[in-house]
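Below is one structure; the comments refer to it alone.
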Amino acid sequence: MDKPLHILHLFNHYLNKSEHWAYDLMVHTPGVKQSIAAKRYLPNNFYHDSFSFIETYQGSLIEAPIDPKAWQWGRRALKRMGRYLFSKGVYHDEAIILDYILANKVDLLHAHFAPVAVNYKKIIEQANIPLVVSFYGFDYEFLPYTQPRYRKEYQWLFQKADKILCEGPHGIEILTKMGCPAEKLAIQRLGIPPQPVLKRPFKNLQTLRLLQIAAMTEKKGQLDTVMAFHQSLDSCPNMQLTLVGNARDEDYMNRVMNYIKANSLEGKIQCIDWVASDELADLMSKHHVFIHPSRYSRYRDCEGGAPVVLMYAQWQGMPIIATQHCDIPFIVKYGKLSKEGDIDALVRTITHYYNMDNEVYLRSCKQVEEFAHSKFDIHTLAKELRQKYESLQSLSIQ
C-alpha cells in the first residue's frame, strides 16, 4: 500500500459536539494519517486512537479524555502555569506546530472554517505546503458582514489556498462573487456513517408528529416552525411538534419560548435540549415528518451549505419540510421546499402531510430513504476527499 498522506487539520475548538460531521469525515478518509492542532481541546468523544494531537500552551489536552493516567497532578499544574505565564504563548505555539510539521513530514494543511485559516496565517505562510480550506456556514457571509476586516483576509485566503471546499453549488456561487478563483473551488459534500433504519411510525389520516433538531438560532428558523405549526392547528388539530436544540442564541430562544407560552402551545410542543447522534434514529422513528425552515438571519448568518441533520432524517426515510435556502435544494430531492420566511407556504405543506394516509406516506418515505442511501454514505464522500488531497500532493515541497 502507498505511504499514507499526512494531513494536519486546523481547528479553533476541537470539537464542538454539533460538529461531529468533521470527525466523521476525517475518521473515514482512507489512506490518511490524521493530525490535529486546535486552540482548545474540548472534552467530547472525538479522540480516535489513530489521530495524533499537537499540544501547545493554548491548546492543552488536560480537559480532553485521551489518557487520564498520563496526566499527573504536577504536570497539570505546570501546564496551567505555562498557559498563564506565557503572555506570548501564541508565538511559542506557532513554533511547536511548525516543528511538528517539519519533523513529521506533514503533506498538507486542512483548515476547517475560514477564520481558522486566518488565525493560523503565520503557520500557513511559513509551512509552505498545500492548503485546503473548508467553508461551512457562518464564515460565508455573517463573518465578513459583522467583522469587515475579514473581507481583506478572505482575499489573502483566496490567493493562498490551493483548494477551497464548499458543501454545494450555493457556497461556490457566494465565494465566486467575493473574488475566489473558480479553479480553486470544489464541492465536498458532508456525509453520515450508515445508520440502522428503524421502522417508520404508522400514519393515521389527519394526524402528524413533526420534529425539528437544530441549535436555537435565527438561521435555523424555529420561530417560523412554531408560527406555522400554530396557524395550522385550526385545520390540523391532531398534531404534535418536538423541538430539539440548545440555546446558541439566548435572545432568539426566548422569542421562540415566549411565542409558545403566549399562544398556550405547551401541550402541543415538546422542547428538548440535546440528543446525541446515536439516539437520532430512535427519536426520528417516533415522528412522521422532519421540519427545518432555514433562513438568513438579520446579520447575514446562513447555513452556507445544508444542515447535516437533514441527511440523518432522510436516511431514516423522513419526508422533509424545508426552504430553498443555500444548499438545502442540493441535498433534498423528495421533500417540500418553500421560500424562506413564507409562513403561509409552511402551513400549506404541514396541512398536506397532515391529510396524507399511511399508504401514500410510506411510499414517500421509501423514496426519501433510497435517495439518502445513494447520496450521503460517508465512505463514498470520504474517498472523494482523499482524491482531492491526492490532487494537491505534487504541490508539497516535502
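Structure data summary
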{"read-out": "Choice from Ile97, Ile328, Ile172 showing the highest fluctuation, given a GNM over the chain with Cα pairs closer than 10 Å", "value": "Ile97"}
{"read-out": "Semi-axis lengths, Å, the stretch 2-58, gyration tensor of Cα atoms, sqrt of 5 times eigenvalues", "value": "19, 14, 9"}
{"read-out": "Estimated distance in nm for a label pair at Val197 and Lys333, the labels positioned 7 Å out from Cα along Cα-to-Cβ", "value": "1.3"}
{"read-out": "Hull volume in cubic angstrom per residue (convex hull over the Cα atoms of the stretch 306-372)", "value": "69"}
{"read-out": "Pairwise label distance in nanometres, Glu173 with Asn128, each label 7 Å out on the Cα-Cβ vector", "value": "4.1"}
{"read-out": "Potential extension, Asp357-Val27 segment - 0.36 nm per residue separation minus Cα distance", "value": "114.7 nm"}
{"read-out": "Extension gain (nm, one decimal) between Ala95 and Arg149, 0.36 nm per residue minus Cα-Cα", "value": "16.8 nm"}
{"read-out": "Probe 1.4 Å, accessible area per residue of the chain, Å²", "value": "45"}
{"read-out": "Virtual spin-label span in nm between Glu390 and His373, 7 Å along Cα→Cβ", "value": "2.8"}
{"read-out": "Rounded Å value of the spacing that divides the Cα centres of the stretch 124-181 and the stretch 23-39", "value": "21"}
{"read-out": "From phi via Karplus (6.51, -1.76, 1.60), per-residue ³J(HN,Hα) for the stretch 326-341 in Hz, x at Gly/Pro", "value": "6, 9, 4, x, 6, 10, 10, 9, 9, x, 10, 10, 10, 5, 5, x"}
{"read-out": "Solvent accessible area, Å² - Phe135, 1.4 Å probe, full protein context", "value": "0"}
{"read-out": "Of Thr29, Asn104, Leu157, farthest towards positive along the dipole that unit charges on Lys, Arg, Asp, Glu beta carbons give the chain", "value": "Asn104"}
{"read-out": "Nearby lysines by direct alpha-carbon distance to Lys152 (threshold 29 angstrom, same-chain neighbours under 8 apart not counted)", "value": "Lys39, Lys88, Lys121, Lys122, Lys160, Lys163, Lys177, Lys184, Lys219, Lys220, Lys388"}
{"read-out": "Directionally averaged projected area (convex hull, Cα atoms, the chain), nm²", "value": "21.0"}
{"read-out": "Straight-distance crosslink candidates among aspartates and glutamates, where the alpha carbon sits under 14 Å from Lys17 and sequence neighbours closer than 8 are dropped", "value": "Asp273, Asp278, Glu279"}
{"read-out": "Assigned charges on the beta-carbon of Lys, Arg, Asp, Glu; the chain dipole about Cα centre (debye)", "value": "500"}
{"read-out": "Estimated 222 nm signal from helices in the chain, with DSSP H stretches of n ≥ 4 weighted -39500 (n - 2.57), rounded to 500", "value": "-12000 deg cm²/dmol"}
{"read-out": "Percent RCO, i.e. relative contact order, over the chain, from Cα pairs under 8 Å lying at least 6 residues apart", "value": "18"}
{"read-out": "Evaluated at q = 0.15, 0.16, 0.19, 0.22 Å⁻¹: base-10 log I(q)/I(0), Debye formula over Cα of the stretch 259-398", "value": "-0.89, -1.00, -1.30, -1.50"}
{"read-out": "Reciprocal mean inverse distance between Cα atoms of the stretch 159-234 - Kirkwood radius, Å", "value": "17.0"}
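The values are calculated or read from the model by the stated rules, or taken from the named source; none is laboratory data. Keep in mind that what you see is a predicted model, and the values were worked out from it rather than measured. Ideal geometry is used to build each Cβ from the backbone, glycine not excepted, and the neighbour counts take in all protein chains shown. Areas reflect the complete protein model, heavy atoms only, side chains present, ligands, DNA and RNA absent. Shrake-Rupley method; radii C 1.70, N 1.55, O 1.52, S 1.80 Å.
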